[in-house]
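The values are calculated or read from the model by the stated rules, or taken from the named source; none is laboratory data. This one's a predicted model, so the numbers in the text were calculated from it and none came from an experiment. Here the Cβ positions follow ideal geometry from the backbone for every residue, glycine too, while neighbour counts run over all protein chains shown. For accessibility, only protein heavy atoms count, side chains too; no ligands or nucleic acids. Shrake-Rupley method; radii C 1.70, N 1.55, O 1.52, S 1.80 Å.
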Amino acid sequence: MRAGVIACALSPGKRAQKKPCASTSRWLDIAVMAHSTANPLVSARQRQVQLLGLDIWSAMVAWRFWCFMGWNDVAKQYRRTFLGPVWITLHTAIFIVAFGLIGAQLFKYPAEWYLPYFCAGHVLFGYFSALINEGCLTYIGSDAFLKQTPYPKMAFVFRTVFRCSILMLHSAVIVLAVLWWAGRLGAVQWGALLGATALTLLAASFVVAILGGLAARFRDVTVALGSLMQVSFFVTPVLWVPDQLTERAQWVVRLNPLALFLDLTRSPLMGEVPALQTWGAAVGVVLLLGLIFFWQYVAIRRRIVYWL
């Protein structure tokens, strides 16, 4: 009941209507089913492709719904606390300053260079880790909504990405402060950063959708990825610089998609434009993720609710 009220309140123009609020996805599904019934040449797979496209479109139209839900998730997490989300900023700032100054001595780099390098890497990797870990719970944590009303599945994917992005922005303030302290704020390549952010958000949406579907069917995926991300922190150039590795060990960076997107988004913050090879690899990964997402959701989209 509550989910239906929220959807009704967030749908554009619904307040002025006298008819009961209904899910956009429900009517879109009915329209496609009616068209498919009238046209016997439309196969079951083609019908699922149409429904997937309409699911994505209806989720984008219902942006007020997943923005509200994502924002409410953050507010609920820090309800009744004195400082609220500021705790994230304080915790991250203390760790970055403490290890950044020590790491500069350990790795023999100037603090004015290593501290921004480590700060950006730590914040971005935390964002990637949150997307992967919470992406597994995308549908599991939204079962109360999905079991009541046929919401667009992608709306909950966007909800997870939006929530993780809000939490990351709390720590992004530290990155800007460190860049200002090091005198590197004016060297930031904002155009390259904008393009890298767009590619990262697109890849994040695909990853969250893929992992959410897998974890809904196989619950062990959540635990396995949680353990894997702990190891990934040490094999991704967050604390160390790739140039410190030998030529034989460079495969750790080249075959690591987390290292790819970390370099793509951190380089503009460090005043460098990512190489064309990095852009090409990132686009290739996004296209591969898009193909996996399309193949997966054509097969499982209608079954997700039954797995919850």
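Averaged across orientations, what area in nm² does the convex hull of the alpha carbons in the range 61-197 project?
Average of the hull's projected areas for the range 61-197 equals 10.3 nm².
Remind me, relative contact order of the range 153-308 in percent, using alpha carbon pairs under 8 angstrom and six or more residues apart?
Relative contact order of the range 153-308: 36 percent.
Measuring with a 1.4 Å probe in the full set of protein chains, what accessible area per residue, in whole Å², belongs to the range 48-172?
46 Å²
In whole percent, how big is the carbon plus sulfur part of the accessible area of the range 163-308, probe 1.4 Å, protein atoms only?
With neighbouring chains kept in place, the figure for the range 163-308 is 70 percent.
Just reorder F68, F261 by solvent-accessible area, largest first, 1.4 Å probe, all chains present.
Heavy-atom accessible area, descending, gives F68, F261.
What FRET efficiency, computed as 1/(1 + (r/R0)^6) with R0 = 22 Å and r the Cβ-Cβ distance, is obtained for L288 and D220, rounded to the nearest 0.05?
0.40
If you find the alpha carbon centre of the range 192-235 and of the range 61-123, how far apart are they in angstrom?
18 Å
Can you give me the solvent accessible area of R217 with a 1.4 Å probe, rounded to the nearest 10 Å²?
Here the accessible area works out near 120 Å².
Counting only heavy atoms of protein chains, what accessible area per residue, in Å², does the range 215-276 have with a probe of 1.4 Å?
Each residue of the range 215-276 exposes 57 Å² on average to a 1.4 Å probe.
Could you give the nm distance between label points at W57 and V97, where each point is 7 Å from its Cα heading toward the beta carbon?
Inter-label distance under the simple model: 5.2 nm.
Quick one: Cα centre-to-centre distance for the range 143-180 and the range 285-308, in angstrom?
Measuring centre to centre over Cα atoms gives 20 Å.
Using mean Cβ contacts within 10 Å as the protection proxy, how do 203-209, 222-228 order, highest first?
Packing order, densest peptide first, comes out as 203-209, 222-228.
Accessible area, 1.4 Å probe, largest first: how do Y306, Y139, Y109 sort?
Correct descending sequence by accessible area is Y306, Y109, Y139.
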